[in-house]
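The values are calculated or read from the model by the stated rules, or taken from the named source; none is laboratory data. Source: prediction; values computed, not measured. Cβ coordinates were reconstructed from backbone atoms using ideal geometry, including for glycine residues, and neighbour counts include every protein chain displayed. SASA here: full protein model, heavy atoms, side chains in, ligands and nucleic acids out. Shrake-Rupley method; radii C 1.70, N 1.55, O 1.52, S 1.80 Å.
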Amino acid sequence: MQVVGLDIGFGFTKATDGRNQQIFKSVVGEAAEAAFTNPISLATEAARAHRQISIGDESYFVGETAEAGSRGRGFTLDQQQLLTRYARVLASAAIAPMVPSGEPLRVVTGLPISFLRRHRDGLAALLQQRHQVTLTHADGSKESKQIHVEKVRVIPQPFGALFRHMLNDQGKGAVQRFVTDKIGIIDIGFRTADYAISDRTRYSERGSQSSDAGISLAYTAIANNLTEQSGVQVELYRLYEAIDRGSIKIKGKRYDLNKLTERAFGALATRVATELNRLWADDWDLDAVIIAGGGGAALLPYLQPLIEHELIPVDADADSRMLNVQGYYRYGRHLWPSTPAQPNG
Ligand SMILES: Nc1ncnc2c1ncn2[C@@H]1O[C@H](COP(=O)(O)OP(=O)(O)OP(=O)(O)O)[C@@H](O)[C@H]1O
Ligand SMILES: [Mg+2]
């Protein structure tokens with residue numbers, strides 16, 4: 001029996017078994033039959049990250065493989081759609097490469113706070129099955145696997161980041177202050193911003209809420225501006241690398257993104273700070289605030305001057321997109337302590 005943390009985000013799907021981790025864009029597309037495989041390309045990064053999975057009669061490209069190679073491909077910013085259309089494929093593609101076929105798995109995953117009540121049982125039912133899948137590797141070889149999910153626990157998404165700080169990899173309480181203090185958590189993802197309060201580990205209903213202030217708001221503003229300038233509609237998930245780089249090339253012309261990004265991120269940070277001050281108006285006694293999510297890291301320089309609470313910094317070398325899923329894993333080890341640790345190496 002093995003514990004797996006799974007985070008199906010609007011931007012990225014993440015999974016870990018405590019030793020290995022998976023992260024890829026939450027994009028699913030039709031698998032294309034290659035008429036020609038260039039042997040040189042088999043040695044590239046893209047080939048190593050090739051993600052192709054078949055479930056039943058359908059074969060899919062997933063993540064960056066779909067982004068680059070699928071004619072019909074989709075992603076969504078709608079929770080219902082994410083669950084009904086994509087969640088099963090994304091979850092299987094994330095878990096399959098890490099686990100032995102047939103091994104009983106216990107999965108901890110999360111939902112944005114506003115969707116927790118409505119979708120918790122549906123998500124658990126969708127995952128808790130024996131999923132028969134076939135992975136196709138870059139060289140065309142196939143590997144059949146049964147993903148046997150025997151138990152699922154669904155928790156409020158930002159609590160992943162809290163458990164990441166509170167527990168160690170064995171699921172034991174590691175840092176006392178997260179157990180005894182009143183902690184606020186801000187998880188800024190691609191579509192949602194989730195705010196939660198843990199008061200001596202108790203979930204505070206009053207202080208917890210989801211909003212739409214995810215990074216995609218800023219990305220939409222940038223994409224709209226690019227459409228005005230270039231006439232091309234850039235899909236949001238194709239903007240990560242460009243924004244990181246500070247420029248994008250469209251039909252031979254390079255557009256600077258630094259100014260646009262600064263403006264859009266600044267506006268989003270202001271919105272987050274406003275929501276937060278309203279939501280936590282009565283919670284001025286917070287001991288500290290954790291900032292999580294990939295969007296949290298991206299917005300931090302803009303957000304920091306606007307937040308008066310003590311902020312708990314993320315280790316500079318940690319990928320903040322992974323905080324929730326690492327916390328889910330640790331919480332799983334806490335719930336099911338008899339599960340053996342993954343051997344190192
Ligand atoms: N190395 C990176 N590559 C791509 N995006 C990154 C990277 N580092 C940080 N980011 C930021 O992380 C954001 C995605 O964060 P995250 O993975 O937490 O979202 P999500 O969990 O998929 O979304 P949601 O919580 O709304 O479902 C991106 O929009 C981008 O701003
Ligand atoms: Mg998220």
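Odds and ends about this structure:
- Residue pairs whose Cβ atoms lie under 6 Å apart, sitting 6 or more positions apart in sequence or on different chains, and linking a residue in segment 232-252 that is without any contact (Cβ under 8 Å) to a residue 12 or more places away in the chain to a partner that is exposed (fewer than 14 other Cβ atoms within 10 Å of the Cβ), are Q233/T227; S247/R254; S247/D256.
- Scanning segment 114-123 for residues that are open to solvent by 10 Å² or more (accessible area, probe 1.4 Å) and either at pLDDT 95 or above or away from ligand 1 (no atom under 11 Å from the Cβ) (or both) returns S114, L116, R117, R118, H119, R120, D121, G122.
- Across segment 138-148, not a single residue is classified as part of a helix (DSSP H, G or I), open to solvent by 20 Å² or more (accessible area, probe 1.4 Å) and away from ligand 2 (no atom under 16 Å from the Cβ).
- Note on segment 163-190: among residues that are small (G, A, S) and outside any loop (DSSP other than H, G, I, E, B), the one that is modelled with the lowest pLDDT is G173.
- Failed criterion for G189 (all others in (1) within 26 Å of R85 (Cβ to Cβ); (2) under 21 Å from the mean Cα position of the chain (by Cα); (3) open to solvent by 40 Å² or more (accessible area, probe 1.4 Å) hold): (3)
- None of R206, R202 is within 21 Å of A292 (Cα to Cα) and without any contact (Cβ under 8 Å) to a residue 40 or more places away in the chain except R202.
- Residue in segment 89-108 that is over 15 Å from the mean Cα position of the chain (by Cα) and over 15 Å from V149 (Cα atoms) present: no
- Every condition in (1) modelled with pLDDT of 95 or more; (2) touching a Ser or Thr at 6+ places or on another chain (Cβ under 7 Å); (3) surrounded by fewer than 16 Cβ atoms within 10 Å (Cβ to Cβ) holds for Q132 except the one numbered (2).
- Given (1) away from ligand 1 (no atom under 11 Å from the Cβ); (2) more than 20 Å from E67 (Cβ to Cβ), number of the condition D187 does not satisfy: (1)
- Boolean, A91 is open to solvent by less than 40 Å² (accessible area, probe 1.4 Å) and at pLDDT 95 or above: yes
- Of the residues L276, L286, L299, the single one that is more than 26 Å from F12 (Cβ to Cβ) and either among the aliphatic types (A, V, I, L, M) or away from ligand 2 (no atom under 16 Å from the Cβ) (or both) is L286.
- Restricted to segment 1-35, and to residues there that are assigned to a loop (DSSP other than H, G, I, E, B) and among the charged types (D, E, K, R), the residue that is surrounded by the most Cβ atoms within 10 Å (Cβ to Cβ) is D17.
- Scanning segment 184-235 for residues that are among the aliphatic types (A, V, I, L, M) and away from ligand 2 (no atom under 16 Å from the Cβ) gives I197, A221, I222, A223, L226, V232, V234.
Yes or no, residue by residue, for (1) in contact with a Pro (Cβ under 9 Å, 6 or more places away or on another chain); (2) of a type outside the set (D, E); (3) open to solvent by 70 Å² or more (accessible area, probe 1.4 Å); (4) over 27 Å from A68 (Cα atoms):
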{"site": "I248", "(1), (2), (3), (4)": "no, yes, no, no"}
{"site": "R271", "(1), (2), (3), (4)": "no, yes, yes, yes"}
{"site": "D283", "(1), (2), (3), (4)": "no, no, no, yes"}
{"site": "I290", "(1), (2), (3), (4)": "yes, yes, no, yes"}
{"site": "G294", "(1), (2), (3), (4)": "no, yes, no, no"}
{"site": "E308", "(1), (2), (3), (4)": "no, no, yes, yes"}
{"site": "V314", "(1), (2), (3), (4)": "no, yes, no, yes"}
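- Boolean, Y219 is in a strand (DSSP E or B) and touching a Leu at 6+ places or on another chain (Cβ under 9 Å): no
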